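Report on one structure; see the data block that follows.
Every number here is computed from the coordinates shown, using simple stated rules; none is lab data. None of these values were measured; they are calculated from a predicted model. Note that we place each Cβ from the backbone using ideal geometry, even for glycine, and neighbour counts take in every protein chain shown.
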Ligand SMILES: [Zn+2]
């Protein structure tokens, strides 16, 4: 169920290719979920494997600073 809440722990962040440093994606993630995942499974959402247009392949994408 998708409910529209006002403001939550969800953050808009940018993803940057670790190889060519190209700024590729903007995504939103839930900071609470991230913390929960680390605690429960020891895994982190980041870095992510994403397709980079410049590298023309899947590369590791790092979390960039949060966007305004
Ligand atoms: Zn790249």
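Brief remarks on what is shown
- Inter-label distance for residue 65 and residue 38, nm, one decimal - labels placed 7 Å from Cα along Cα-to-Cβ: 2.0 nm
- With a simple spin-label model that places each label point 7 Å from the Cα along the Cα-to-Cβ direction, the separation between residue 31 and residue 11 comes to 0.5 nm.
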